[in-house]
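Trainee: Just dropping this structure here.
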Amino acid sequence: MLCPVCKTKRCSTIELEENLKAALCEKCGGHWISRRNYSAWLKQHRETPLERPYSEIELDVDDVREVKICPECNRILMKYRVGQGLDFFVDHCPGCGGVWLDRNEWQALQNKNLHGEIHKIFSTTWQNQVREDQMAAKLDRAYAERFGEESYKKAKEFRQWIQGHPLKGALLAFVSDENPYKI
Ligand SMILES: [Zn+2]
Ligand SMILES: [Zn+2]
């Protein structure tokens, strides 16, 4: 196999997980997983869940941003942001459905228990969620900047408490009234 990053053929077949074969580029440490191998492996785990202990360890991934060509069918690989706290892209072939993972990306996905959900990352639903999360994070930073960290923290606590409170309207009127003790 020709590595999509190094364009070398120094790749070997390894077992990423029990019964999951992948090609490993010995030069850049990236992995190629064919759709067939991934689907077959997933099928085996329908009964036995993939659940691993959640890990907060942040791995240093390579995330090579350049355009890559599919080693199986020569099409251009499409980049999809992973999200869920992982700030990198995985490459997916629209032709054969294979997946390219740069160095440490598989391990980072494993740490978040997402290694059994790679196929979902390429769906519209997943990508919409990623965009929503990005927008929320952006607004979160903007609010913190505008209100100041401390006031923002207080406002968030208050907001959480009042949302769903049966007397929300009355409480908000009380809070915003300059003198609620005067009729
Ligand atoms: Zn390589
Ligand atoms: Zn392909």
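The values are calculated or read from the model by the stated rules, or taken from the named source; none is laboratory data. Bear in mind the structure is a predicted one, so any value in this text is a computation, not a measurement. All Cβ positions, glycine included, derive from the backbone under ideal geometry; neighbour counts span all protein chains shown. Quick note on the areas: whole protein, heavy atoms, side chains included, nothing else; ligands and nucleic acids left out. Shrake-Rupley method; radii C 1.70, N 1.55, O 1.52, S 1.80 Å.
Trainee: Leaving ligands, DNA and RNA out of it, rank 68, 21 by accessible area with a 1.4 Å probe, largest first.
Mentor: 21, 68
Trainee: Cut-off 10 angstrom, C-alpha nodes, Gaussian network model of the chain. Which of 67, 130, 90 fluctuates the most?
Mentor: Result for the chain, Cα springs under 10 Å: 67 fluctuates most.
Trainee: Still on this structure: Mind listing the long-range amide H neighbours of residue 116? Cut-off is under 5 Å, sequence gap 5 or more, other chains count too, H placed in the peptide plane at 1.01 Å from N.
Mentor: Counting only residues 5 or more places away or on other chains, the set is empty.
Trainee: In debye to the nearest 20, how big a dipole does segment 128-176 give about its Cα centre with +1 on each Lys and Arg Cβ and -1 on each Asp and Glu Cβ?
Mentor: Its charge dipole is roughly 100 debye.
Trainee: On the principal axes of its Cα set, how long, how wide and how thick is the chain? Give whole Å, largest value first.
Mentor: 82, 38, 29
Trainee: Tell me the label-point distance for the pair residue 87, residue 159, using the 7 Å Cα-to-Cβ offset, in nm and rounded to one decimal.
Mentor: 2.2
Trainee: With the Cα gyration tensor of segment 128-176 giving a ≥ b ≥ c as the square roots of its eigenvalues, does the rule (a/c under 1.5 for rounded; else a/b larger than b/c for prolate; else oblate) give rounded, prolate or oblate?
Mentor: Because a/c hits 1.5 or more and a/b fails to exceed b/c, segment 128-176 counts as oblate.
Trainee: Go ahead and run the numbers for FRET between residue 143 and residue 123, Cβ-Cβ distance against an R0 of 30 Å, rounding to 0.05.
Mentor: Computed FRET efficiency for residue 143 and residue 123: 0.50.
Trainee: Pop a pseudo-label 7 angstrom from the Cα along the beta-carbon direction at both residue 74 and residue 43 and give the gap in nm to one decimal.
Mentor: 3.0
Trainee: By per-residue mean of other Cβ atoms within 10 Å, what is the highest-first order of 107-115, 119-127, 136-144?
Mentor: 107-115, 119-127, 136-144
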